[in-house]
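Before any comments, here is the structure.
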Amino acid sequence: MIVVTTPTGSIGHQVLDLVADSDQPIRVIARDPARLAPHIRERVDVVRGSTTDRDVIAAAVKGADTVFWLVPPNPSAPSVPGHVLEFVTPLCEALDSVGRVVAVSSLGRTGGRKAGQISAIFAMDALIESSGVHYRSLCPPGFMDNLLRQVDPIRNLGTFFGTISGDFRAPTCATRDIAAVAARLLLDESWTGQDSVEIRGPEELSHNEMARIMSEVLGRSIGYQQVPAADYAASLTAHGMSAAWAQGLVDMSAAVENGLYDTPRTPESYSPTGFRQWCAEVLAPAVAG
């Protein structure tokens, strides 16, 4: 039995699509099962509820061979560590009945001090690992797909925004590559122990280089604008984000620029989707739509 959390989320739904083609029994935890695609609802066993609910988690993971775990974001959360702890505690209490866990973490597990949401997710890793369960921590850098949150300014202003210097290079990856690695591990019954699995795109790009590629793919001029951290956080809170979540995002960007992702690239960490391909296949249709 494979259990998939966040089955309608940006990564979870891609994981679910990939494992649904297997002959493995699949169970999902969903707040709103109606959001599942009809062919998926027919294929899976659905436990309705939240992954913060101890009874829901206990029922869903009982007898599970492998669980795909992801903590969904909550921009209104009053505390970033508190949000992560609220989700991971029920899982840890139920791990005695689970064979393996595959979870989405972040690149940079050797560092991660004062890294906002990334620091909190590293604490999640530690809590799950302390149970002794067989565990694979998926460690990607920033998601290319996060740019989809800025589709409106890209479309209307020809600009995307952030706090990182425009010339600072960092790795990114596509969520579909994370989903592919997760699905492979969920379907592989041979692995044991605990380990981190790095997932990097094939290149390291600065925001200015990304803007150039976006311009070429979209056929119009796109620029990147660096925003002072305090102004960026103020803009986020003005649009309804909690102060804690906004500060976490600012701290996360600062940690990346200070070397959080500076770990050696290995052949095993390679993921195939380049930024240009992602722009053509994902960003361009979103901007056009």
For a quick protection proxy, order the peptides 117-123, 79-85, 234-240 by their average other-Cβ count within 10 Å, most packed first. 117-123, 79-85, 234-240
What shape does the stretch 195-241 take by its C-alpha gyration tensor, where a ≥ b ≥ c are the square roots of the eigenvalues and a/c under 1.5 counts as rounded, a/b above b/c as prolate, and the rest as oblate? oblate
Inter-part gap, Cα centre of the stretch 62-90 to Cα centre of the stretch 131-185, in whole angstrom, is 19
Under 5 Å between amide H atoms, partner at least 5 residues away or on a different chain: which partners does GLY9 have, H built in plane at 1.01 Å? none
First select every other residue whose beta carbon is under 13 angstrom from the beta carbon of SER131; then total the charges, Lys and Arg +1, Asp and Glu -1. -3
Only Lys, Arg (+1) and Asp, Glu (-1) charged, at Cβ; the chain dipole about Cα centre in debye: 440
Using modelled amide H (1.01 Å from N, peptide plane; none on Pro or chain starts), what sits under 5 Å from the amide H of ALA174, excluding residues fewer than 5 places away? MET144, THR273
Which residues qualify? For VAL46, with a placed amide H closer than 5 Å and at least 5 residues away or on another chain, they are VAL28
Given Cβ point charges of +1 (Lys, Arg) and -1 (Asp, Glu) and nothing else, what value in debye, to the nearest 20, does the dipole of the stretch 48-104 about its Cα centre take? 120
Pick out which of PRO38, PRO73, PRO264 has the largest mean-square fluctuation in a Gaussian network model of the chain, springs linking Cα atoms closer than 10 Å. PRO264
HN-Hα J couplings of the stretch 141-146 from phi, Karplus 6.51/-1.76/1.60, θ = phi - 60°, integer Hz, Gly and Pro as x? x, x, 8, 3, 5, 4
Positive-end extreme of charge dipole, the chain - chosen from LEU187, GLN226, ALA115 (charges on Cβ): GLN226
Given the DSSP H assignment, sum -39500 (n - 2.57) over each helix run of at least 4 residues in the chain and divide by its residue total; what's the result at 222 nm in deg cm²/dmol, nearest 500? -11500 deg cm²/dmol
Treating only Lys and Arg (+1) and Asp and Glu (-1) as charged, each at its beta carbon, one finds that the stretch 32-73 has a dipole about its Cα centre, in Debye to the nearest 20, of 60
Surrounding charge for GLY111, neighbours by C-beta under 15 angstrom, Lys/Arg +1, Asp/Glu -1, total -2
Between beta-carbons, use under 12 Å as the cut-off and find the net charge around GLU189, counting Lys and Arg +1, Asp and Glu -1. 0
I need the phi-derived Karplus couplings for the stretch 3-11: 6.51 cos²θ - 1.76 cosθ + 1.60, θ = phi - 60°, integer Hz, Gly and Pro marked x. 10, 10, 8, 6, x, 10, x, 5, 9
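Taken together, the values in this text are just the output of simple stated rules run on the coordinates, not laboratory data. Bear in mind that the values here come from a model prediction, so they are computed numbers and not experimental data. Cβ atoms come from the backbone with ideal geometry, glycine included; neighbour counts cover every protein chain shown.
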